[in-house]
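Reviewing the structure listed below.
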């Protein structure tokens, strides 16, 4: 072999070795990229899980707080209802008492005027006095 062929052969061997070295470096970079991609995917999956758990916890806490607030508001409505109805109940009792008194007075009055005689005039007088003492709203 002549020198020129030997030199070209040597240059070809060096080029092949350089190409192999370059290929190894690129393969290492591909492995690094693959590893980085996997780390990103793993990190994203973990972050998703953490976010889902966090929001699930928040929803649970929020639901609990809303349920407690609802109970409090319903209790307040119940208390207001009772306070508002109490005067009406008292008024109803007074009116029912008045109705009872008026019923009694009507019965006594009808009895007093039914078949009035001089002997029954005391009964009529008693009824009239009683009617005057009971305040009737007209």
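Among the candidates 11, 96, 4, 76, the residue that is within 30 Å of residue 133 (Cα to Cα) and in a helix (DSSP H, G or I) is uniquely 96.
Let's see how each residue does on (1) at pLDDT 95 or above; (2) surrounded by 10 or more Cβ atoms within 10 Å (Cβ to Cβ); (3) assigned to a helix (DSSP H, G or I):
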residue: 21; (1), (2), (3): yes, yes, yes
residue: 57; (1), (2), (3): yes, yes, yes
residue: 81; (1), (2), (3): yes, yes, yes
residue: 86; (1), (2), (3): yes, yes, yes
residue: 109; (1), (2), (3): no, yes, yes
residue: 136; (1), (2), (3): no, yes, no
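The values are calculated or read from the model by the stated rules, or taken from the named source; none is laboratory data. All figures in this text were calculated on a predicted structure; none of them were measured in a lab. All Cβ positions, even for glycine, are placed from backbone atoms using ideal geometry, and neighbour counts span all protein chains on display.
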